[in-house]
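Heads up: the structure comes next, in structure tokens.
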Amino acid sequence: MIVALHYRPVPTSYVNLLMKQFTIRGSMEYPERFEDSIELLERRDLSFLITHTMPLEEFGQGLAVLDGSKDCGKVMITMGDAR
């Protein structure tokens, strides 16, 4: 996953991308649309979509859950005190 907008070229090994069969997808989001998303979250309880919650230290296990289950919903990774 690439999370950022880079103003300068970023060195990339396309051989590694091909050998590991990675997929790169681009996406753009505009800040004015964030309000719509936040309002949707306020109106609707979407917590039922979260099937697993794990601390950041178990991130690898979270990926394994996603990879190994067809019935998995969202795996929520928490940072810090999740209470």
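Taken together, the values in this text are just the output of simple stated rules run on the coordinates, not laboratory data. Since this is a predicted model, take the numbers as computed values, not measurements. Glycine also receives a Cβ, built like all others from the backbone with ideal geometry; neighbour counts cover every protein chain displayed.
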**Request:** Quick one: go through the range 53-83 and flag any residue whose amide nitrogen is under 19 Å from the point 7 Å out along the Cα-to-Cβ line of R44.
**Result:** 72-76
**Message:** Please compute the length gained on full extension between F22 and R8, using 0.36 nm multiplied by the number of residues separating them and subtracting their Cα-Cα distance.
**Reply:** 2.8 nm
**Amide H within-cut-off set for K74, under 5 Å, with H built and near neighbours excluded** = I50, T51, H52
**Message:** Show me, for the range 56-66, the HN-Hα J-couplings you get by feeding each phi into the Karplus relation (A = 6.51, B = -1.76, C = 1.60, θ = phi - 60°), rounded to Hz, glycine and proline as x.
**Reply:** 3, 5, 9, 3, x, 5, x, 5, 5, 4, 4
